[in-house]
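Values in this text are rule-based calculations from the coordinates and carry no lab data. Remember, predicted model here, so these are calculated numbers, not experimental data. In this analysis, Cβ positions are derived from the backbone assuming ideal geometry, glycine residues included, and neighbour counts consider all displayed protein chains.
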Amino acid sequence: MKKQTAKYNGTQKFILFCFFAIVLISVTITGLLLWKAFAWSRDAEEGDIPSTLTEVLPDSQDVKDTLSSILPGTGTKEPEADETEPETEPVPEEDVPDPHVLEQQREEWYLLLVNKWNPIDRDYSLDLVELRNGHAVDIRAYPDLQDMMDDARAEGLQPIICSSYRTNQRQRDLFKNQVDKYLALGLTEEEAEEQAAKWVAVPGTSEHQTGLAVDIVALDYQILDEGQEDTPEQKWLMENSYKYGYILRYPTEKSDLTGIHYEPWHYRYVGKEVAKEIYDLGICLEEYLMK
Ligand SMILES: [Zn+2]
């Protein structure tokens with residue numbers, strides 16, 4: 001038998017290799033082109049018109065303008081507002097209600113609110129009763145004050161009233177004294193008044209002008225500072241004054257609301273019922289009246 005010779009010679013093998021290589025490259029290029037075309041058509045569906053097409057379409061704004069000139073109600077949209085402009089008109093300052101200002105004073109005389117935002121009426125009048133040491137308070141707040149002082153003394157304490165009703169002139173003098181202290185420290189007039197107002201109420205805004213407030217200190221510690229709260233007299237008053245209708249008017253951490261620094265000596269008459277509520281809730285008079 002004749003031995004079968006090799007099926008392909010070297011030249012034929014090379015031609016076959018080239019043929020398969022060309023087929024493979026063609027298939028790859030076709031595949032890539034098809035994938036590209038598919039991706040392009042999908043983008044077009046989503047609204048991305050290829051840039052080459054936009055050049056042949058008429059300007060859409062021109063179309064809209066033409067339509068608006070012939071059809072009613074198809075006017076072009078107003079241009080977008082400048083983003084730097086505020087969306088709403090600013091409200092004039094006088095229309096913004098001040099959260100500190102009481103719209104109307106309560107009818108009850110013992111709920112009269114006087115602070116830096118709510119000055120006392122110029123013609124506010126009251127009946128005073130003069131105390132033994134020359135001080136004076138509203139006659140209606142006197143009986144409970146006397147009871148409180150009597151009961152404190154019965155406990156062996158020695159509270160004394162060091163400040164009470166003040167006329168506007170008296171308040172004026174006190175305020176001026178305080179301003180002078182700051183002026184002496186080198187502050188400007190404006191700065192001195194601002195600082196003084198933190199400690200002494202501006203005339204017309206002191207609760208002492210109502211006759212419903214008293215400053216009480218311990219006989220053996222007659223200094224108006226935070227050390228006052230450590231005296232047995234203040235400890236007793238802070239615990240018991242509400243039973244007599246008096247509240248510690250300027251508690252610590254309420255200064256933003258009262259406008260006055262912590263004063264562990266200033267008591268204010270609000271009547272027994274309200275005093276108990278304020279004491280129980282741990283609020284200040286402003287919070288009670290603004291609620
Ligand atoms: Zn006071």
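Values computed for the structure shown
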{"quantity": "Per-peptide average of other Cβ atoms within 10 Å, ordering 177-190, 261-274 highest first", "calculated": "261-274, 177-190"}
{"quantity": "Out-of-range pairs (alpha-carbon distance over 23 Å; input K176/K291; K116/K254; K254/K276)", "calculated": "K176/K291"}
{"quantity": "Theoretical FRET efficiency, 1/(1+(r/R0)^6), r = Cβ-Cβ of Q104 and K198, R0 35 Å, to 0.05", "calculated": "0.80"}
{"quantity": "By average C-beta atoms within 10 angstrom, highest first, the peptides 138-147, 198-207", "calculated": "198-207, 138-147"}
{"quantity": "Order by protection proxy (mean Cβ within 10 Å, highest first), peptides 155-164, 128-137", "calculated": "155-164, 128-137"}
{"quantity": "Farthest toward positive dipole pole in region 227-291 [+1 Lys/Arg, -1 Asp/Glu at C-beta], among A275, Q228, T258", "calculated": "A275"}
{"quantity": "Environment charge at A192 (Cβ cut-off 14 Å; Lys +1, Arg +1, Asp -1, Glu -1)", "calculated": "-3"}
{"quantity": "Net charge of Cβ neighbours under 11 Å - reference K272; Lys, Arg +1; Asp, Glu -1", "calculated": "-2"}
